[in-house]
Amino acid sequence: MTGSVPDDAAAGDAGEVGKPRLGRPRDWVIGSLLLGALILGVELTLGWGGLLAPWRTLAPSVLAALILLSALSYALRAARVYDWLCLGDPQSGCAGRFPAVLRLSVLHNTANNLLPMRAGELVFPWLMGRYFGHGFFPATAALVWIRLMDLHFLGLLGLAIAWLREPSWVWPAAAVLWVAALGLLGLVGRRRPSWASGKGGRLRQLMGKAMTTVASAAPRSHLRTARAYLWTALTWVTKFLAFATLLRHFLPVDLWQALVGVMGAELSSVLPFHGIAGSGSYELAAVAALVPAGVDPKAALAGAVNLHLFLLGITALLGAFAFLLPKGPQGDQRGGPSPDEGAD
């Protein structure tokens, strides 16, 4: 798709997709209730003064290192987007514009961390259209592959955590099979699915069109898949290292237990409810993961809240920084991922 992308309008497949709807009123009501319940619950069970006290004993140099690691994970996410969608394709609209891709990636993650019910996910395809002229639905399809690759690597991390808890040859063997399954992505990208023929009823045609769009965003080579997965691995390892280190400052737990807590918190996004800035849902998921791992519920809650406060601080800091990054030229540009393009 070629066309001009004005700075004050979002670009969709037909230029008709406007600004994303950032949550329904019901979402904001539920999110506000979760936030209020969290604030009140912490005060009644732990007390905010005691909960925040351990921050005074965290060395400034350690805190600075954890902030830098977290910022690096954001940069690595942007590098994944740039490598898969932009690098080597001058027609992509984003080739040679890494600062704009970094701005987009940081704002996308900022919206995800702050808006209720994962409404922030819509920011990615919207900004891909606004900045680079990509169609809304192809960009959304790319985001589907982003999340699938994220979930796949989180599964691999889960196997690593199981090995840390109870070393056994079973876990490395399972990890090898799990990684080998990535080869299926290349098959998805190269084969035209049977349900994409356009035959059948209207519902079947609509589903076929949607699935074809998603399939077209899949990587078409094992090399491209491997590169994207490497960026994914670096992103998550960096983030988990920072977050697990911080969590262990608040909880006297083993490394595998801290990793379990971080994993639970990160998977809070799959819950059917998601509070404003993740409040309530983030803590619930972290506690639900830590308690079965042998952590006292009150201690787990204190650790989860402090970890969440760190996340929100990073979100605010980097979100503000993103607005200082250039968007680049907004004139006529090539849009829409090429057939060999995929996700973040």
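Just so it is clear, none of the values below were taken in a lab; they were calculated from the coordinates. This structure is a prediction, so every number in the text was calculated from the model and none was measured. We place every Cβ from the backbone using ideal geometry, glycine too, and count neighbours over all the protein chains shown.
Could you list, in sequence order, the residues of segment 214-247 that are within 18 Å of Leu68 (Cα to Cα) and of a type in the set (D, E, K, R)? The one that is within 18 Å of Leu68 (Cα to Cα) and of a type in the set (D, E, K, R): Lys239.
Report, by residue number, each residue of segment 132-158 that is under 24 Å from Leu234 (Cβ atoms), over 13 Å from the mean Cα position of the chain (by Cα) and of a type in the set (Phe, Trp, Tyr). The one that is under 24 Å from Leu234 (Cβ atoms), over 13 Å from the mean Cα position of the chain (by Cα) and of a type in the set (Phe, Trp, Tyr): Phe132.
Kindly indicate which of Ser268, Ser279 is touching a Ser or Thr at 6+ places or on another chain (Cβ under 8 Å) and buried (at least 21 other Cβ atoms within 10 Å of the Cβ).
Checking each option against the conditions leaves just Ser268.
The set of residues from segment 90-108 being in contact with a Ser or Thr (Cβ under 8 Å, 6 or more places away or on another chain) and crowded, with 23+ Cβ neighbours inside 10 Å comprises just one member, Ser92.
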